[in-house]
Every structure is written in C-alpha cells, then in structure tokens.
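Beneath this line is the structure, given in structure tokens, with notes to follow.
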Amino acid sequence: QVQVVESGGGLVQPGGSLRVSCAASGSIFSPVAMGWYRQAPGKQRELVAVISRGGSTNYTDSVKGRFTISRDNDKNTMYLQMNSLKPEDTAVYYCNAVYRAQVYWGQGTQVTVSS
C-alpha cells in the first residue's frame, strides 16, 4: 500500500522561507508525477506546482519566481522550497503521488505566514 507523508510545515514571518517535503513509499515504482496543492480556509484546493519523473515542472502563476519544486527519484521524495512568503500563502499544503493507475494523497501540513 502506497503511503504519502508530508513534513516541514510551520509558522513563518512574511518574507521568510520554508521547505516542505513529501515522501512516497510502498511501491517498487517511482511516481510518474508528484504535485503540491494547497487549501486555505473557505477556499477550494488549488494546484501549486507539479514535477514529472523526468524533472519537468509547472507552477501556478502566484508562486512563480518564489517557490521551487524538486524531487529525488532514488528516495521518491519531493520538496517545495518556498521563499518570499506572503500571508496569502497560508494554507494546508498537500502532496500527491501519481502512478499509472492511481493517485495517492498525503494528510497535509499546515503552513502559516504571519507576523
């Protein structure tokens, strides 16, 4: 059974940085793609960034130039480096791991940007 676990959330001041991680385990295969999503209170879950197994990336416009997604295929682990954080980045951040037949989600990690 595949498990996806996020870590690294927390409280940070505006303008600060934070890195969150996502580890996928339980499969002999590496995920075809992995992605970060976020959901703020009262809002729908939105895509933040995705990365393919080959390293191709895509970002939502609001985080371009501030966030960087990366992955280590040997460890089936993905990272999101978040710089120049803004209060509107406050949300629960979820990651997913996409395999051929199924998508697995983590439980989420809270990121709060506040002074």
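The values are calculated or read from the model by the stated rules, or taken from the named source; none is laboratory data. Bear in mind that the values here come from a model prediction, so they are computed numbers and not experimental data. For neighbour counting, all protein chains shown are included, and Cβ atoms are generated from backbone atoms with ideal geometry for every residue, glycine included. Surface areas here come from the heavy atoms of the whole protein model, side chains and all, with no ligands, DNA or RNA. Shrake-Rupley method; radii C 1.70, N 1.55, O 1.52, S 1.80 Å.
Ignoring lysines fewer than eight residues from LYS64 along the same chain, the ones with Cα atoms less than 19 angstrom from its Cα are LYS86.
Could you tell me what percent of the accessible area of the chain is made up of carbon and sulfur, with a 1.4 Å probe and every protein chain present? List each step's numbers first, then the result.
Numbers: 2920 of 6320 Å².
Carbon plus sulfur share of accessible area: 46 percent.
Per-residue Karplus couplings for the range 69-76, computed as 6.51 cos²θ - 1.76 cosθ + 1.60 with θ equal to phi - 60°, are listed in order as 9, 8, 8, 10, 5, 5, 9, 6 Hz, Gly and Pro entered as x. A cut-off under 9 angstrom between Cβ atoms defines the neighbours of ASP89, and their net charge, with Lys, Arg +1 and Asp, Glu -1, is +2.
Please give the per residue volume of the convex hull enclosing the alpha carbon atoms of the range 54-115, rounded to a whole number of Å³. Before the final figure, lay out the partial values.
Values: hull volume 6.8 nm³, N = 62.
Spread over its residues, the Cα hull of the range 54-115 gives 110 Å³ apiece.
Taking the Cα centre of the chain as origin, work out the dipole magnitude from +1 charges on Lys and Arg Cβ and -1 charges on Asp and Glu Cβ, in debye rounded to 20.
Values: 11 positive and 7 negative charges, 23 e Å.
The calculated dipole for the chain is roughly 100 debye.
Just so you know, the Cα atoms of the chain work out to an Rg and Dmax of 13.5, 43 Å. Taking every protein chain into account, the accessible area of the chain amounts to 55 square angstrom per residue (probe 1.4 Å). Here ALA101 and ASN73 are evaluated by their C-beta separation; at R0 = 22 Å the FRET efficiency comes out at 0.70.
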